[in-house]
1. Residue under question is A:GLY226, and the condition is that it be touching a residue at least 40 places away in the same chain (Cβ under 8 Å) and more than 7 Å from chain B (Cβ to nearest Cβ); does it hold?
2. When you scan the stretch A:317-340, how many residues do you find that are within 25 Å of B:CYS154 (Cβ to Cβ) and part of a helix (DSSP H, G or I)?
3. Can A:PRO53 be described as within 10 Å of chain B (Cβ to nearest Cβ) and either farther than 25 Å from A:TYR128 by Cα or assigned to a loop (DSSP other than H, G, I, E, B) (or both)?
4. With B:GLY160, B:GLY166 as the choices, which residue is assigned to a loop (DSSP other than H, G, I, E, B), more than 7 Å from chain A (Cβ to nearest Cβ) and without any contact (Cβ under 8 Å) to a residue 40 or more places away in the chain?
5. Can you tell me how many residues in the stretch A:235-268 are more than 8 Å from chain B (Cβ to nearest Cβ), among the small types (Gly, Ala, Ser) and either within 21 Å of A:ALA306 (Cα to Cα) or assigned to a strand (DSSP E or B) (or both)?
6. Among the numbered conditions (1) at the interface with chain B (Cβ under 7 Å from one of its Cβ atoms); (2) within 19 Å of the chain's Cα centre (by Cα), tell me where A:MET183 comes up short.
7. Can you name the residue in the stretch B:193-228 that is more than 7 Å from chain A (Cβ to nearest Cβ) and assigned to a helix (DSSP H, G or I) and, of all such residues, is farthest from A:ILE357 (Cα to Cα)?
8. May I ask you to verify whether A:VAL150 is more than 7 Å from chain B (Cβ to nearest Cβ), within 14 Å of the chain's Cα centre (by Cα) and outside any loop (DSSP other than H, G, I, E, B)?
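Please treat every number below as a calculation from the coordinates, not as lab data. The model shown is predicted, which means the values in this text are computed figures rather than measured ones. Glycine gets a Cβ as well: all are built from the backbone with ideal geometry, and neighbour counts include every protein chain shown.
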Amino acid sequence: MGGALSSFRICDFTGQLAGAGATKWLASFGAEVIRIEDPVRQGRWDILRGMSPFVDERRGVDMGGGFNNHNTGKLGITLNLRTARGKEILREIIARSDVVAENFAKGVLERWGFGYATLKQIKPDIIYVSNCGFGHFGPYSDFKTWGPIVQAMSGLTFTSGLPDKEPAGWGYSYMDHTGGYYMAMAIMLSLLHRQRTGEGQWVDLACTDAALSLHGPALLDWTVNGRPMRRPGQPHSNRNEWPWMAPHGIYRCAGDDEWVSISCRSDTDWQALAGTMNARWCDDLRFSTLASRLEHQDALDEVIEAWTRTRDKFDVQRRLLAAGVPAAAVQKPQERIDQDPTTAAFGLWPRVHHSKIGSVRVDGQPVRFSKTNWEITRGAPCLSEHTEEVLSGLLGMTADEIGELRSEGVI
Amino acid sequence: MTALTGVRVIELANERIAFAGKLLADMGADVILIEPPGGDPSRSYTPFLEDRPGEDRSLYWWHYHTSKRGIVIDLEEEGDRAQFRRLIGSADVLLEAEPRTRLAALGIDYDQLTACRPDLIHVAVTTFGRDQVRSDDPATDLTIMAGGGPLWSCGYDDHGLAPIRGGGNQGYNTACHFAVLSTLTALLHRNVSGEGQFVDVSMHAAQNVTTEAASYTWLVAKQSVQRQTGRHAATGATGPTQIRCADGRYANTGVPPRSPAEFASLHRWIQEMGLAEDFPEAVFLEMGANWDGPFDLSQVGSDDTITAIFAAGREGLIRIAAHVGAQDFFRGCQRAGLPVGVINSPEEAYEDQHFVARGFQVEVEHPELGRSFRYPGAPYAMERSKWAITRRAPQLGEHTEEVLKALASE
C-alpha cells in the first residue's frame, strides 16, 4: 500500500480516545498499527470496547461504536503478558517496530517488564511515547485522570462558562481528542528526528501540559500584566476579548433549543448586521462605536435576540452571511452529518466494514492530500482478530505453534 | 539539532494558522513569517504589554509567533512576488490560510510554485476546504465552533441558556493541530519518496471530527446527545460531576467511585473526618467496599442496591467537599485512588507546583525591552528533540533584510 506512513510499524498499547485517536491518524495514512490486548480481561482495559452506542441489540467487547470509531484500520492481537512466552513474543514484535505507544497510568508498562530501558535493549532506536494525564514526572504523576479531569486541572473547564455561575466546561473530552493529536505529533516528530539522526527517544506526553499550552494570551496577560482570569465578570466565554468584538454571542432562534452565533469583527460588520435587522433601535447611540457596544453588551445582546428568536437559525445565517457578517447556526449532529453538503463533499464520514458490526460510518480525517490521501475502509479489530495473521506473517510462526500458544493461554 | 532543524516553513501571516507555525517553530523549524506592509491585523489584538497598544506590544502576537523570523513582502506587487518565489525555492513547506482563490489569482498557488520547488509541501487552511464556495463566507472562531459541532455539546443543564464556547480560540487551535499533523505526515512521506504535495485542511471538518460521542452516536445509532453542565453531553441525563467545595471553588469528580477499593477508600475518609454519624448512607459505602468482584455498571439505576451504593458514593464526596477546600479535596480524592480534578483558572494551573516542576514556565528574553517574561512551555516532554522558544515574536519587518540578503547569495 502506498500510504504516506506505510513504511512504519507501531506496537500499540493505546486505548480510549486519548491514545487510540493518535494511532488512528497513523493507520489512516497507511502505518501498520498492531494493537496488543490482554486476552484474560478480553481487552476491557479499553472501556470503549463494550460501550454504547451500538448499531443494534448485540453487545460485547467487539460491538462498541466508539471503539470502532477510534480504531479503524488497525490490526488487533491478544498476548498474555503474565506468561513468559507472551513476553517473548512481545519482544519479537517490538524488535520489528518503529514505535511503542501507550496511554496507561504511569508505571504499568514497566511493571510488565517493558520500561523504556528494556525497550531500548530490545531495539536501540525505538521511539517510545507514553501519554497520561499528568505525565511520568512531577508531583501529581501518580494521580489518575480522565479527559474531564485533564480539562479541569488545566484551565479549559474554567474558561468555558458565564459569570457567577459554575463552569459549563466541555461537553465532551476535548483533551482526549487533542491529547491524541499531540501524541501523534510527538510520534511523527520523533520519526523525523530518527530519519535525520538515527536515534530513538522517549516522549513523556502529559495531556495536562498540552492542555495548559492552549491558553497562550491568557497566560501572558497573567505573567506580563498580572491580570488573572479568575476575576469578577469572567469568564464570559461567548464574548470575545482577544480581540474585542461586539456583538459576539449565541442567540436563541425560533424552535426548540435552536441557536445562531453572530460575531461582528468591525464597525462595518455591525452596520451590515444593523442594516439586515433594520430595527429602529439599531440607531441607538449606545451601539454606534465598538467601545460603546462593549459597554452596553447586555442591552445589545437582548435586542439582537429579540430579532433572532422569531426567525429560523439557517435563515438568519443565510441573511447575515449575504450581508458579510460572520454567522453560523449551532448545528446539531444530524444537521452537520446528514444535511451539510460541505462535510459530505469532503468525504468526512467514510463507511467502514467491521467484521461483526458490519457496515457503519465513522469520523474521517479533515484533510485532503493531493498524492497520498488518508484511507479509512476497515473497522476496528475484533478481539484477537489478527493474532494468527501477525504471528505468522510478521514472526513466521506455523499454524501448529500458534495452536499451541492458544491452548497454553498465551494468546 | 532537534526534530525539525533544517526544515524551512514559509507562513503567510493569518490568525487562523499562527499557532500551527508556532508549534513547528518551537520544534526547530526555520519559520519565516510573511506580513504585508503595515503588518498583520493581529498585532493590534489585546491584551497589550502594560495595556498600552503598539505594533510590537500585543501579547496575542507575542504568544503565537515565538521562534519565528518575520519579513514584510507585498504579494500584490510583482517584484515582491518574485522574491516570494525565490523564498519558496528555498523552502520545504508553505503554510497559509489565505482566501481560497487569492494565491491562484496572483499566480503563486501550488501548481505554479512547484516550478520553483517541485517537492514543495503546501498546506492550505480554509473554512470549508479549497473547493467549497462557502469558504468565501466570513467566519470567526465562534461561528466555526458553532457550525462545526463542538458548541451543540457544551453549556448548561438549563437549556434556557445558550450553548457555551470554551475560551482560547480552540476552534482555530483544532484546525492548527490538523495543519501540523498534515505537515509532519507529508514531511515523513517526502523524506521516503522525494515527493511533496498539496494539503487541503478544512477548519469546519476539523471541528466535526473533534466532538467525541456527538458525532459517532449519530453515525452509529442516529441519536443526538444533549448538553449538560460541566460533563459529557449524553442521550439521557446523567448525574452532576462538579462539586462546590468549602472555599467556593469547584472540583470535578469525573467518573464517580465504582470499584470496591474506591468505596473502601471513601468510607475510610468519611470516618476519619468524623462525618459518618450524620451520614446514614455510609452503610452503602461499606457494602460497596465489601462487594464481591466488579460492579455491573449497566445495573446502576435499575438494581436498587447497586443504585444506592453509587448514590452514596456521590453523596459521600459532596459531604467531604463541604468541609475542605478544592485543593485539599483534589489531593485527598487522588490519594484515595479517585480520579478527581480541581477546576483551576489558567493562571492557577500555571503556578501549580506540578506544572512548575515539569518545567512548564519558560523565560523568554525581550532584548529590546531589556526584560524577560515567563511564557507557557512545551506541550510534550521529548527526551532528544528539544522544544524551545528560540526567540520572541518578530517585530514588524525585523528580518526582511537578513532573509532577503541570504536569499540573494544562495
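1. In short, no.
2. 10
3. Criteria met by A:PRO53.
4. B:GLY160
5. Counting residues in the stretch A:235-268 that are more than 8 Å from chain B (Cβ to nearest Cβ), among the small types (Gly, Ala, Ser) and either within 21 Å of A:ALA306 (Cα to Cα) or assigned to a strand (DSSP E or B) (or both) gives 3.
6. Exception for A:MET183: condition (1).
7. It comes out as B:SER193.
8. It is true that A:VAL150 is more than 7 Å from chain B (Cβ to nearest Cβ), within 14 Å of the chain's Cα centre (by Cα) and outside any loop (DSSP other than H, G, I, E, B).
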